[in-house]
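Okay, so here's the structure we're looking at.
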Amino acid sequence: FVATAPNVTYRWLLEMLANQGYAVIATPFVNTLDHLAMAKNVLSSFDSCLNLIYAQRILRKKSLPIYGIGHSMGCKLHLLIGSLFSVERAGNILISFNNSAARDAIPLVEQISPVMKVEFTPSPKITNRLIQKRYQIRRNLLIKFNDDDIDQTLRLSDLLRLLFPDMVTVKRLNGNHLTPLGQDINWPVGKVYTPIDAIGQWLKQEVYRDLNQLKREILLWLNPLAQIS
């Protein structure tokens, strides 16, 4: 469900980027075992949407830089796109990269199919090999959350730094694998600012400090001179 409606599940993150003046194209996908087909479909959907935006003159400058941003499985799709297709990207933002085998990613997969081996296409090993030999996006921001047991960002950073030693930034932040899915809470304040309002605002800041840290790191990487509110 997360990937089928990114405009909803990643709403806070996407609206944060839009509020800073970035045009956002949220590209949904359905999880299957064929990750290569998923990457092709995502790229096709993105290109179709971008062409429509240009045709309707919503965006007029075709020279604008394009950044990919993915979370978990979305990272793998951006890495496959950047390895197997001719695309122009100013950079990729890869959050909580995960390249697990099917037996680790899909509950009960071995019980469902005990005879026939079930695996993703491409497999984790082949995916790493493709990245190492063919990945072409030079500038990358990798984000790893401290409380994330399924994250494989550090393995990915080793691969990318062999390709582009000075172009890979790794940030370790507070949070967990689900932090990018967090949503902001609109705490209404009355005409008179009360102690309850103060407590509510404080709780909001505490709960969303991980999200705000994520926001800050993304925006600073995109534009080191940005004024971040």
So, first residue touching a residue at least 12 places away in the same chain (Cβ under 8 Å) and closer than 17 Å to Ser83 by Cβ in the range 40-54, second residue of a type outside the set (A, V, I, L, M, F, W, C) and outside any helix (DSSP H, G or I), Cβ within less than 6 Å, six or more apart or across chains; the pairs are Val42/Thr27; Phe46/Thr27
Query raised in the report: Quick check, is Leu13 in contact with a helix residue (DSSP H, G or I) (Cβ under 9 Å, 6 or more places away or on another chain) and in contact (Cβ under 8 Å) with a residue 60 or more places away in the chain?
Result: yes
Subset of the range 65-93, residues in contact (Cβ under 8 Å) with a residue 12 or more places away in the chain and among the polar types (S, T, N, Q), comes to Ser72, Ser83, Asn92
State whether the residues of the range 110-117 include one that is among the hydrophobic types (A, V, I, L, M, F, W, C) and either in contact with a helix residue (DSSP H, G or I) (Cβ under 7 Å, 6 or more places away or on another chain) or in contact (Cβ under 8 Å) with a residue 12 or more places away in the chain (or both).
no
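Computed from the coordinates by the stated procedures, all read-outs in this text should not be read as laboratory data. It should be emphasised that the depicted structure is a prediction, and the values quoted were computed from it without experimental measurement. Ideal geometry is used to build each Cβ from the backbone, glycine not excepted, and the neighbour counts take in all protein chains shown.
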